[in-house]
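Visitor: Take this structure, written in structure tokens, and hold onto it; I'll ask about it next.
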Amino acid sequence: MGPARLLLLLLLLVLLAWLGEAQDTCSPPDRLFYAELEESFNTMKSFPVGTTVSYICRPGYMRIPGKPSSQRCGEDLQWSPIEQFCIERKCKHPGELEHGFINVTDLTFGSQATFSCEGGFRLRGANKISCVIKDKGVGWDGDLPLCERIPCEPPPSIANGRYTELDSYNYETSVTYSCNDVPKGTDSFSLIGSPTIFCTYDEHLNGVWSGPPPQCRVVRCDDPRVENGKKKSGFGPSYSYQDSVVFVCDPGYFMTGSEVIICGEDNAWSPEKPTCERITKELCGAPEITHGVVISAKAVYEKGDSVELKCDDSCYFPDGTVEMTVTCQGLNTWSSLQNCECGPVSSGSTPDINHGRVIDGQKPSYSVGDFITVECYPGYTLHGEARIQYAGSNRWIPEVPTCRLSAYITVIICVIVAVVVFLAAFWVYKKFFSQNGSYTVDESCKETSVLKTNVPTEMEETAEMN
């Protein structure tokens, strides 16, 4: 055998040996997301049958007691099955956040805790923390933040006035303004605007004041006078901010405009002073109603003019409606003028329905707009609408229906009465009349008649003797 053939034979033997060895080994074990091979197995390139490898938990995981952490290469060249033997470590609950909220969906490794604050407070610190590997275990990667009350800058100062000073101004803190005193005999300052403002916050959680501060100014209104009228109240030598005067017209005159005027911050009366118009057969002032408004109101209306009135929310006219039209009749008189009544308008009780009842919507009292449904007892027919609505003042729309006897019941009653009358008449006939239509004579009457027939009269006896 030549050297070349010998070398080829040796190479073939080595290849066969290597292939045999390769067929008797397992493939590298699978990587586990929760564990890794022990260091001594990391460098192994081949895993013959019978090889056992061991795992250790990855950082952030810990062993489950009683669960095996190794695998063996079997004769079938497959690794033995293995159950998960490591679980995620858990962080402790972060704790409580004063004036705030903690949202934690899970405490396991890798989870997060987020923070938010109550209204009027804002976070100082991180708004979230994570559960991470820490000191051979797990822990939160940050501290709890704080929820601090939102602060405001000191309130603005005003001319001729002052406010209550505090050490700090935080959310919901309020300050009250007042005007400075003035020497006796001089005009005093009037506080115009809301005297109190409070600390609140904007959409960016920055502290802001609820509104502008008031002003301290001298306000004077002139002495108001109305021709053909006089003051009813509000007498005084001078008038300042928010002072009011009430007017009344002289007899024979009616008022157009508001009877009450108020001294405004611009040194003028609001609304404008009313006027007193002479009452004539052809004119009316604007109608006045309580808890309602006049639509398209004017100061004066001529006879025959109509105007629409409307009640405020939750208010009604006595008939249950919210709108009505009135007409000027002259002499400052309006036809059908009524005031609105507010609050629930109720009836005294459920309507009385003879031979019927309410089957739906019944209650102790009714408000305008309530519905009830009515039905009649058997044998009666409903005349009217079954469903009616309460309109106020014990009125129903449509009117309360009535229940009357059904037609077939009436026919039956008439038939029964006719039968009874017929039977009674038949009994009377049988009792007092014979079959041929003559009177029926009593037997005692017959005997008396026979006796009378057999007794001879005195004249007959005399004739026989002769």
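Visitor: Return the residue satisfying two criteria in turn: it lies in segment 6-39 and is closer than 25 Å to residue 76 by Cβ and among the hydroxyl-bearing types (Ser, Thr, Tyr), and of such residues it is modelled with the lowest pLDDT.
Guide: Filtering first and then ranking leaves 25.
Visitor: Still on this structure: Name, by its number, the condition in (1) touching a Cys at 6+ places or on another chain (Cβ under 6 Å); (2) not in a loop (DSSP other than H, G, I, E, B); (3) not acidic (Asp, Glu) that does not hold for residue 307.
Guide: (1)
Each row is one residue, and each column tells you yes or no for (1) at pLDDT below 80; (2) of a type in the set (A, V, I, L, M); (3) within 16 Å of residue 400 (Cβ to Cβ).
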position	(1), (2), (3)
346	yes, no, no
353	no, yes, yes
358	no, yes, yes
361	no, no, yes
375	no, no, yes
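Visitor: Let me ask something else. Checking residue 285 against (1) surrounded by 15 or more Cβ atoms within 10 Å (Cβ to Cβ); (2) free of Cβ contacts under 8 Å to residues at least 24 places away in the same chain: exactly one of these is not met. Which one?
Guide: Answer for residue 285: the failing condition is (2).
Visitor: Let me ask another. Can you report the number of residues in segment 180-202 which are of a type in the set (D, E, K, R) and modelled with pLDDT of 90 or more?
Guide: Adding up the residues that qualify gives 2.
Residues checked against (1) touching a Lys or Arg at 6+ places or on another chain (Cβ under 8 Å); (2) in contact (Cβ under 8 Å) with a residue 24 or more places away in the chain:
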residue: 64; (1), (2): no, no
residue: 95; (1), (2): no, yes
residue: 105; (1), (2): no, no
residue: 109; (1), (2): yes, yes
residue: 121; (1), (2): yes, yes
residue: 138; (1), (2): yes, yes
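Visitor: Of the residues in segment 358-390, how many are part of a strand (DSSP E or B) and within 27 Å of residue 413 (Cβ to Cβ)? Full working, then the answer.
Guide: Initially, segment 358-390 is screened for residues part of a strand (DSSP E or B), giving 358-360, 371-376, 380-383, 387-390.
Still in the running and within 27 Å of residue 413 (Cβ to Cβ): 359, 374-376, 380-383.
Total meeting the criteria: 8.
Visitor: State the number of residues belonging to segment 197-225 that are within 16 Å of residue 157 (Cβ to Cβ) and loosely packed, with under 14 Cβ neighbours inside 10 Å.
Guide: 2
Visitor: Can residue 250 be described as touching a strand residue (DSSP E or B) at 6+ places or on another chain (Cβ under 9 Å), exposed (fewer than 15 other Cβ atoms within 10 Å of the Cβ) and either touching a residue at least 12 places away in the same chain (Cβ under 8 Å) or under 30 Å from residue 395 (Cβ atoms) (or both)? It would help to see each step written out before you state the result.
Guide: Working: touching a strand residue (DSSP E or B) at 6+ places or on another chain (Cβ under 9 Å): yes; exposed (fewer than 15 other Cβ atoms within 10 Å of the Cβ): yes; either touching a residue at least 12 places away in the same chain (Cβ under 8 Å) or under 30 Å from residue 395 (Cβ atoms) (or both): yes.
Yes: the conditions hold for residue 250.
Visitor: Same structure again: Scan segment 75-106 for residues that are of a type in the set (A, V, I, L, M), part of a loop (DSSP other than H, G, I, E, B) and in contact with a Pro (Cβ under 9 Å, 6 or more places away or on another chain) and report the count. Can you show your working first?
Guide: We begin by selecting, within segment 75-106, every residue of a type in the set (A, V, I, L, M); these are 77, 82, 87, 97, 102, 104.
Filter once more, keeping what is part of a loop (DSSP other than H, G, I, E, B): 77, 82, 97.
Next, from what is left, pick out any that are in contact with a Pro (Cβ under 9 Å, 6 or more places away or on another chain): 82, 97.
Residues in segment 75-106 being of a type in the set (A, V, I, L, M), part of a loop (DSSP other than H, G, I, E, B) and in contact with a Pro (Cβ under 9 Å, 6 or more places away or on another chain): 2 in total.
Residue by residue, here is whether (1) in contact (Cβ under 8 Å) with a residue 12 or more places away in the chain; (2) in contact with a helix residue (DSSP H, G or I) (Cβ under 7 Å, 6 or more places away or on another chain); (3) over 30 Å from residue 330 (Cα atoms); (4) in a loop (DSSP other than H, G, I, E, B) holds:
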{"position": "172", "(1), (2), (3), (4)": "yes, no, yes, yes"}
{"position": "182", "(1), (2), (3), (4)": "no, no, yes, yes"}
{"position": "200", "(1), (2), (3), (4)": "yes, no, yes, no"}
{"position": "241", "(1), (2), (3), (4)": "yes, no, yes, yes"}
{"position": "265", "(1), (2), (3), (4)": "yes, no, yes, yes"}
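Visitor: For residue 292, all conditions in the list (1) under 29 Å from residue 323 (Cα atoms); (2) more than 45 Å from the chain's Cα centre (by Cα) hold save one; what is the number of the exception?
Guide: (2)
Visitor: Another one. Run residue 374 past the list (1) β-branched (Val, Ile, Thr); (2) closer than 24 Å to residue 284 by Cα; (3) touching a Leu at 6+ places or on another chain (Cβ under 8 Å) and report the number of the one that doesn't hold.
Guide: Status for residue 374: all satisfied but (2).
Visitor: Any idea how many residues of segment 348-357 are on the phi > 0 side of the Ramachandran plot and in a strand (DSSP E or B)?
Guide: Looking only at that region, the number is 0.
Visitor: Do you know which of the residues in segment 107-117 that are assigned to a strand (DSSP E or B) and at pLDDT 90 or above is farthest from residue 147 (Cα to Cα)? It would help to see each step written out before you state the result.
Guide: We begin by selecting, within segment 107-117, every residue assigned to a strand (DSSP E or B); these are 108, 112-117.
Next cut, at pLDDT 90 or above only: 112-117.
Working: 112: 19, 113: 15, 114: 13, 115: 9, 116: 8, 117: 6 Å.
For segment 107-117, the residue satisfying everything is 112.
The values are calculated or read from the model by the stated rules, or taken from the named source; none is laboratory data. Here the structure is a predicted model, which means the values were calculated and not measured. When we count neighbours, we look across all protein chains shown, and the Cβ atoms used for this are built from the backbone with ideal geometry, even at glycine.
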